[in-house]
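Asker: If you scroll down you'll find the structure; I have some questions about it.
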Amino acid sequence: GIGGPASALLRNVYSAPSVPVAERDLVTSATAANSGLVVSASGTFLRDGTPITFSGSVTLSAAPTGTVSAGAADSTTARGGGTLQIGYYGGATDYAYTNGIAGYGKISHANLSNLVLKNVSSNATLVLGTDYVANLEHGVVSLVNNVSAYAIAATYSWASTRYDLIVLNPETQAVSAIPGTARDWDVAEYLPSPTSSNQIPLFYARVVGGTITRLIPCWDVEQGVRRIYSADLVEQQRFNRQALRRTLSRLQRGVSFPLVGYGDSITAMQAASPSPSTPNGQYRDRATSSAYLGTAESSDVIGTVPLYDFGDGAGQVHTKIGWNWSLVAAMQQMGWAGTYYNMGIASTTSANTDGAGTVNGTVAPLNGLNINRLPYATALAANGLVVLAFGQNEINATTTESNMVTMIQAFQAAGADVIVMGCTRPNNDRLTDANISQWQLTNRELERAARFCGAAFVSTMMVANDDQLGVMGLDPQDMSAANLYNHPSMHELS
């Protein structure tokens, strides 16, 4: 399924990691390796204090592959339909990633090899690095030079991606696999789950064509974190409950209060430029637009998203996706009858800059500390709750921490409790292993700012760092799946 329980975010505030009991079979160690498509897994589980070993192997099937030749119908069709065109996108200088500019450069498959592009009009062959850059894993190409888009034909081989779940039957000690669904771009929304109560998850296997590219351990994931981080989670929950004591008291007493989401595009999920002074509106909470999910997710996924009419004149186009809407649903289950105000604006940082310059030909949006934006948000959040979500557009900046301290204190001065979100992990093709430390730095800055100010903090490193991939079950190559750059998918958001 898409997304997670609506109450997940609030539930994690209250619940503590479970502990082993006599009836429970607790996996205490597990390893896995593969030879081709054969996965061998072994380990130990504890039953009533007695260790029991297991080992077994399972053969996975290959994910679909194929070839496309120039002149075939698919070679001139972009993903989602229409003529395949290549265009220029200024943000893609050495790497092509999906963008909302008319769908240019979106080839109909992913994991490409032997790629040849030709200009349909001149029949000239394009030169990689001179004429275009390519993201072969995600099937996207972009012009190097700022010239008008034009139609291209593509010849290539392709392979789809699938996740299988390796599971253990504790009664028979048999190892088996639950197959997932093969996809090109949005495989994050199609991870398999146990289909029977006697299946203990051990590993996710990422299969690309006929190759297993990664085995991701998930055997020790409980309550949304790896078991070895349970104590860290309990301590963070204790700190968060103290930071949110006024909010929790209001919920328990049935007192209404406002909730404000203040951040960048992951808060806004906008379709066009929203107002910096007025919340919600026609352009916010439009996650199915080409600026968010519509950038990379397929139409069959987007078609499953419920749409709502918020009464602002835009019609039935709005969505309720993201951590703020999960928080709304969770609080409503507790009787909260307050109002959610979305004050997010895409492409913004925590800075106090005034929006000088342009972005795609329009006036640049106001950043978080801007005096023509922040006071409107603090006024809305007075004596309520605010979720701050900046950092995604300023990874590795040295000013994030001090900016966030100033911002948190401004909301606290208005009587609001504050939750600071860690920034989600960008796609690995943009955030390579060589500079993952920059993403980690920004998250540390956000956490320190929250701690210093006595604000609640929600860690994203705890679910997306390299040693914690099993929490979401995703390879970093499939993270930020909504645009394959820095927008998390519905699965990641859940």
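Asker: Given labels modelled 7 Å from the Cα in the Cβ direction, how far is it in nm from residue 238 to residue 398?
Answerer: Using points 7 Å along Cα→Cβ, the separation is 3.6 nm.
Asker: If you take the beta carbon distance between residue 277 and residue 467 as r and set R0 to 56 Å, what does 1/(1 + (r/R0)^6) give as a FRET efficiency, to the nearest 0.05?
Answerer: FRET efficiency, residue 277 to residue 467: 0.85.
Asker: Each label point is 7 Å from the Cα along the Cα-to-Cβ direction; what then is the distance between the points at residue 147 and residue 299, in nm?
Answerer: 3.1 nm
Asker: When the accessible area of the stretch 239-351 is split by element with a 1.4 Å probe, what percent falls to carbon and sulfur?
Answerer: 47 percent
Asker: When the Cα atoms of the stretch 377-494 are enclosed in a convex hull and the volume is divided per residue, what value in Å³ results?
Answerer: Taking the convex hull of the Cα positions in the stretch 377-494, it is 101 Å³ per residue.
Asker: Hey, another quick one. Over the chain, what is the relative contact order in whole percent, taking alpha-carbon pairs under 8 Å and six or more residues apart?
Answerer: Relative contact order of the chain: 15 percent.
Asker: Between residue 46 and residue 213, what's the calculated FRET efficiency when r is the beta-carbon distance and R0 is 41 Å? Round to 0.05.
Answerer: 0.85
Asker: Please give the charge dipole size of the chain, origin at the Cα centre, charges +1 on K and R Cβ atoms and -1 on D and E Cβ atoms. Round to the nearest 20 debye.
Answerer: Here the chain has a charge dipole of around 860 debye.
Asker: Just to confirm my numbers, what's the Cα centroid distance between the stretch 265-287 and the stretch 42-60 in Å?
Answerer: A separation of 50 Å, based on Cα centres.
Asker: With charges only on Cβ, +1 for K and R and -1 for D and E, what is the dipole size of the stretch 127-193 about its Cα centre, in debye, rounded to 20?
Answerer: Roughly 100 debye, rounded to the nearest 20.
Asker: Can you give me the long-range amide H partners of residue 89? Hydrogens built in the peptide plane at 1.01 Å from N, cutoff under 5 Å, separation of 5 or more residues or another chain.
Answerer: For residue 89, whose amide H was placed from the backbone, the distant partners under 5 Å are 143.
Asker: How large are Rg and Dmax for the stretch 284-417 when only the alpha carbon atoms are used, in Å?
Answerer: My reading of the Cα-based Rg and Dmax gives 16.5, 45 Å.
Asker: From the residues 144, 259, 446, which one has its Cα farthest along the dipole of the chain in the positive direction, the dipole being from +1 and -1 charges on Cβ of Lys/Arg and Asp/Glu about the Cα centre?
Answerer: It is 259, whose Cα lies furthest towards the positive end.
Asker: What length, rounded to one decimal in nm, is gained on full extension from residue 23 through to residue 116, with 0.36 nm per residue of separation minus their alpha-carbon distance?
Answerer: Value of the extension gain: 27.6 nm.
Asker: Using the Cα centre of the stretch 112-253 as the reference point, and only Cβ charges (+1 on K/R, -1 on D/E), how large is the resulting charge dipole? Debye, rounded to the nearest 20.
Answerer: That gives a dipole near 780 debye.
Asker: Which whole-angstrom value gives the distance between the alpha carbon centres of the stretch 378-399 and the stretch 418-494?
Answerer: Cα centroid to Cα centroid, the span is 15 Å.
Asker: Shifting gears a bit: Apply the Karplus curve 6.51 cos²θ - 1.76 cosθ + 1.60, θ = phi - 60°, to the phi angles in the stretch 205-214 and return the couplings in whole Hz, x for Gly and Pro.
Answerer: Karplus values, whole Hz, x for Gly and Pro: 10, 8, 10, 10, x, x, 10, 8, 8, 6.
Asker: A further question on this structure: How far apart, in nm, are two points set 7 Å out from the Cα along the Cα-to-Cβ line at residue 33 and at residue 256?
Answerer: In this crude spin-label approximation the distance works out to 6.3 nm.
Asker: Over the residues of the chain, compute the C-alpha Rg and express it relative to 2.2 N^0.38 Å.
Answerer: 1.01
Asker: Hey, another quick one. Can you find, among 170, 109, 124, the residue farthest towards the positive end of the dipole of the stretch 101-185? Put +1 on the C-beta of Lys and Arg, -1 on that of Asp and Glu.
Answerer: 124
Asker: If you add up the charges near residue 247, with Lys and Arg at +1 and Asp and Glu at -1, over every other residue whose beta carbon is less than 14 angstrom from its beta carbon, what do you get?
Answerer: +4
Asker: Over the chain, what is the percentage of antiparallel beta bridges among all DSSP beta bridges, to the nearest 5?
Answerer: Antiparallel bridges: around 80 percent, rounded to the nearest 5.
Asker: While we're looking at this one, here's another question. Between residue 448 and residue 372, what is the FRET efficiency for a Förster distance of 35 Å, r being their Cβ-Cβ separation, to the nearest 0.05?
Answerer: Taking R0 as 35 Å, the efficiency between residue 448 and residue 372 is 0.80.
Asker: Per residue, how large is the accessible surface of the stretch 32-191? Use a 1.4 angstrom probe and give square angstrom.
Answerer: In whole numbers, the stretch 32-191 has 42 Å² accessible per residue.
Asker: Can you find, among 67, 431, 84, the residue farthest towards the positive end of the dipole of the chain? Put +1 on the C-beta of Lys and Arg, -1 on that of Asp and Glu.
Answerer: The one lying farthest along the dipole's positive direction is 431.
Asker: By how many nm would the segment from residue 123 to residue 196 lengthen if fully extended, with 0.36 nm per residue of separation less the alpha-carbon distance?
Answerer: Length difference between fully extended and current span is 20.8 nm.
Asker: With a cut-off of 20 Å, note down the residues of the stretch 243-270 whose backbone N falls inside the zone around a label point 7 Å from the Cα of residue 413 toward its beta carbon.
Answerer: Once the point is set 7 Å along Cα→Cβ of residue 413, 260-263 turn out to lie under 20 Å by backbone N, inside the stretch 243-270.
Asker: While we're looking at this one, here's another question. At q = 0.13, 0.22, 0.30 Å⁻¹, what is the log10 ratio I(q)/I(0) for the stretch 449-494, with the Debye formula run over Cα points and no solvent?
Answerer: At q = 0.13, 0.22, 0.30 Å⁻¹ the computed log10 ratios are -0.35, -0.77, -1.06.
Asker: Sticking with this one: Kindly point out which whole DSSP H helices in the chain project their C-alpha atoms 24 angstrom or further along the helix axis while averaging a Kyte-Doolittle hydropathy of -1.0 or above.
Answerer: Membrane-span-like by this criterion, though nothing is claimed about a membrane: 436-453.
The values are calculated or read from the model by the stated rules, or taken from the named source; none is laboratory data. Predicted model only: the values in this text are computed from it and were never measured. Neighbour counts are summed over all protein chains in view; Cβ atoms, including those assigned to glycine, are modelled from backbone coordinates with ideal geometry. Quick note on the areas: whole protein, heavy atoms, side chains included, nothing else; ligands and nucleic acids left out. Shrake-Rupley method; radii C 1.70, N 1.55, O 1.52, S 1.80 Å.
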